[in-house]
Amino acid sequence: MPRQSATRSRSTSIFAVPEPIRRLFKRFPIYTYPENELPARCAIAAEDVPILFVFTDEQAAQSGAPSYNPTCLKWQPPPSPRAEPTSLPTRPPPRPASALYLSRRNFSLLASLYLDPAHPYPVASSVAHALCSAAEEEILASSRRQAVDVAHIYTDAQVALSALQDSLRDSETGWFFQEKGPTLFDASVFAYTNVLLDERLTWEDAKLPELLRRFDALVAHRERLLTKYWPEMR
């Protein structure tokens with residue numbers, strides 16, 4: 001008798017799941033669907049081999065050319081086992097490249113890189129808007145401001161590039177932080193400098209590329225990495 005009373009009190013508790021919902025979940029249990037498979041054109045290597053998928057075009061994919069996306073390109077050069085500098089303080093790489101995507105003069109290049117011409121206009125327009133919004137959010141997150149200030153972006157870019165050049169010139173090895181070879185920090189810087197200086201990308205608004213060309217040490221740093229990992233691009 002006491003056991004029945006306890007069961008009845010639990011069933012009438014305010015925390016109990018209502019019986020209609022209980023019956024619904026019994027009929028339609030939660031199911032986790034498997035992940036979507038990759039397209040058939042993707043060449044899959046052995047399962048124990050890491051695979052990196054990057055933004056690129058057909059011709060560049062066949063030749064292994066560097067990606068035009070900074071985040072992808074950061075990981076394309078194989079990093080050194082010692083990926084991070086051990087000395088403090090360290091300087092973060094600049095993030096001015098996102099500003100290129102906010103310029104209306106560069107929209108045609110943005111569309112050619114990221115938008116599929118086979119998509120109908122409403123889809124292409126929606127994707128383009130999402131790309132520009134993502135670039136704006138990236139700038140706001142790094143600048144900690146409420147709105148995009150173009151003049152402030154270029155000022156910050158010049159300060160960051162100057163600091164990176166000073167750090168690189170202090171190194172006798174040609175790599176950041178006196179490392180004997182390129183590290184993840186070198187790859188992070190190269191991911192942006194190469195996008196800005198890549199002759200395959202015809203930036204209509206070339207203010208940032210022109211600014212970068214004033215820093216000869218960073219230009220030479222980009223050339224060394226190209227020669228080391230993509231000699232065919234020289």
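For Leu88, indicate whether it is surrounded by fewer than 12 Cβ atoms within 10 Å (Cβ to Cβ) and either at pLDDT below 80 or among the hydrophobic types (A, V, I, L, M, F, W, C) (or both).
yes
One residue is enough: does region 140-151 have a residue meeting the conditions at pLDDT below 75 and surrounded by 13 or more Cβ atoms within 10 Å (Cβ to Cβ)?
Yes: region 140-151 contains one or more residues that are at pLDDT below 75 and surrounded by 13 or more Cβ atoms within 10 Å (Cβ to Cβ).
If you take the residues of region 40-83 that are farther than 30 Å from Ile139 by Cβ and modelled with pLDDT of 70 or more, which of them is nearest to the chain's Cα centre (by Cα)?
Among them, the one singled out is Gly64.
Of all residues in region 152-189, how many are over 26 Å from Thr227 (Cα atoms), aliphatic (A, V, I, L, M) and either crowded, with 18+ Cβ neighbours inside 10 Å or touching a helix residue (DSSP H, G or I) at 6+ places or on another chain (Cβ under 9 Å) (or both)?
Qualifying residue count for the region: 1.
If Pro117 meets every condition in (1) modelled with pLDDT under 75; (2) closer than 30 Å to His221 by Cα apart from one, which number is that one?
Here Pro117 clears every test but (2).
Kindly establish whether Ser167 is hydroxyl-bearing (Ser, Thr, Tyr) and touching a Phe, Trp or Tyr at 6+ places or on another chain (Cβ under 7 Å).
So Ser167 passes the test.
Quick one: would you say Ser171 is assigned to a helix (DSSP H, G or I) and either more than 22 Å from Ser142 (Cα to Cα) or among the polar types (S, T, N, Q) (or both)?
When the stated conditions are applied, Ser171 does not pass them.
Within region 204-227, is there a residue that is within 25 Å of Val54 (Cβ to Cβ), aromatic (Phe, Trp, Tyr) and surrounded by 18 or more Cβ atoms within 10 Å (Cβ to Cβ)?
No, region 204-227 contains no residue that is within 25 Å of Val54 (Cβ to Cβ), aromatic (Phe, Trp, Tyr) and surrounded by 18 or more Cβ atoms within 10 Å (Cβ to Cβ).
Looking only at region 174-211, which residues are outside any helix (DSSP H, G or I) and closer than 19 Å to Ala65 by Cβ?
Once the filter is applied, which keeps residues that are outside any helix (DSSP H, G or I) and closer than 19 Å to Ala65 by Cβ, region 174-211 yields Pro182, Asp198, Glu199, Arg200, Leu201, Thr202, Trp203.
Being among the β-branched types (Val, Ile, Thr), assigned to a helix (DSSP H, G or I) and over 23 Å from Gln59 (Cβ atoms): is that true of Val219 here?
Criteria met by Val219.
Give region 132-179 a look and list any residue that's of a type in the set (Lys, Arg) and without any contact (Cβ under 8 Å) to a residue 40 or more places away in the chain, or say none.
Those that are of a type in the set (Lys, Arg) and without any contact (Cβ under 8 Å) to a residue 40 or more places away in the chain: Arg144, Arg145.
The values are calculated or read from the model by the stated rules, or taken from the named source; none is laboratory data. Treat the numbers as computed from the prediction; the structure is a model and nothing was measured. Here Cβ is always computed from backbone atoms with ideal geometry, including for glycine, and neighbour counts include all displayed protein chains.
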